[in-house]
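Report on one structure; see the data block that follows.
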Amino acid sequence: MDHQAWLKTVEEFFREKNRVWLQGEEGTLLHFLSGTPAECHSFQEVRALRQALPARDIRYRKAKTHLQVMQSKWNPDGETATVDLIENVRFFYEQKGDIGHESRRSVHRLTLLHEGGSWKVARDIVNSEPKMLREAPTAAEQAEVIEETDAEPATREMRGRYDRVRAFKYAELWWNGFNPAYAKMEGNDCTNYISQVVHAGGMPQIHSGSRSNGWWYRGKNWSFSWTVAHSFKLALPRLLHAQEVADPRQLKVGDIICYDWDGDGRWQHNTVVVDFDAYGRPLVNAHTIASHRRYWDYRDSYAYTARTKYAFYHIPDNF
């Protein structure tokens, strides 16, 4: 098989994705597909991004994409191939006369099909904002977390001040990478990253001998609240004394937004505020889909549903 042929198809596919991102007409991506649009994450992503534009009052101006092919595998039939690649995208937009920017890093697995003398994209899967928890606590452990009171474990570290500048700098440094001082949570690193950001801002860990209690990371072990979105959401007001507010514009840099995609009371994602747009609305950093200065409501995500609920938490300046 001609490797250059499929590589050219991949490059043209993502080049067209960039153009559609800026100008619309996502239907032109169908030319590259052998499978259905539902099996193509890139198609769904562009559609969601375009549909989110009116609420944000922005115009896309420029998009830059860098692709890094990690590996490719030819299947025994000789007519299909699997390609793993990293897509780094940075796009610029105009809002109220100012230019803003946002970046994302996604890991794709493309299944390519050789048909009619050319290569087509049969499937495009990406590491997504997961709707299922990767490391969910058991029912008993979950009940123990939910039944926690405001009483703090005796091993809480000394009190201090939440340094939002340090939290911001950490969020910026590691938004598209992984600090080797911590374990990497394959497939769902969002809450692990957020816990690191909050701790970098000076929030003391709350140690416990049980993974179901406290908020802590120790060597190769950690509490559920450190890595599981739902448990972290519960820990924010009960252990970290964060105050829930009604409007995202009440948040500050270093504060947290929690997401329940299905509106069923199970929280599945967390982000940290790093800036604000021209209307004073939060821009956030996050992991899993590594996101930099992403608009807070995630309506441009395929994980978003009409039932999505949010919780906005302001971390106290003094704890």
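The values are calculated or read from the model by the stated rules, or taken from the named source; none is laboratory data. Since the structure is predicted, the reported quantities are computational estimates derived from the model, not experimental observations. Virtual Cβ from ideal backbone geometry, glycine too; neighbours counted across all protein chains shown. Note: areas computed on protein heavy atoms with side chains; ligands, DNA, RNA excluded. Shrake-Rupley method; radii C 1.70, N 1.55, O 1.52, S 1.80 Å.
Some observations on this one:
- Distance violations [Cα-Cα > 24 Å] among Lys233/Lys309; Lys64/Lys96; Lys62/Lys252; Lys62/Lys96; Lys62/Lys233; Lys17/Lys62: Lys62/Lys252; Lys62/Lys233
- GNM on the chain, alpha-carbon springs under 10 angstrom: the most fluctuating residue among Phe92, Phe168, Phe224 is Phe92.
- Only protein heavy atoms count here; on that basis, with a 1.4 Å probe, Phe178 has an accessible area of about 80 Å².
- C-alpha center-to-center spacing [the range 219-245, the range 26-55] in angstrom: 35 Å
- Reported label for calculated Rg and Dmax of the Cα atoms in Å given [x] 21.5, 81; [y] 21.0, 69; [z] 29.5, 91: [y]
- DSSP assigns beta bridges within the chain; of those with both partners inside it, close to 95 percent run antiparallel.
- Each helix, a run of at least 4 DSSP H residues, gives -39500 (n - 2.57); summed and divided by the residues of the chain, these come to -7500 deg cm²/dmol at 222 nm.
- Of the residues Asp255, Asp77, Asp163, the one that moves most in a GNM of the chain with alpha-carbon contacts below 10 Å is Asp77.
- Summed side-chain charge close to Pro282 - residues other than Pro282 whose Cβ falls under 11 Å, Lys, Arg +1, Asp, Glu -1: 0
- Formal net charge of residues neighbouring Phe91 (Cβ-Cβ distance under 10 Å; K, R +1; D, E -1): +4
- Gaussian network model of the chain, springs between alpha carbon atoms under 10 Å - residue of Val273, Val198, Val69 with greatest fluctuation: Val69
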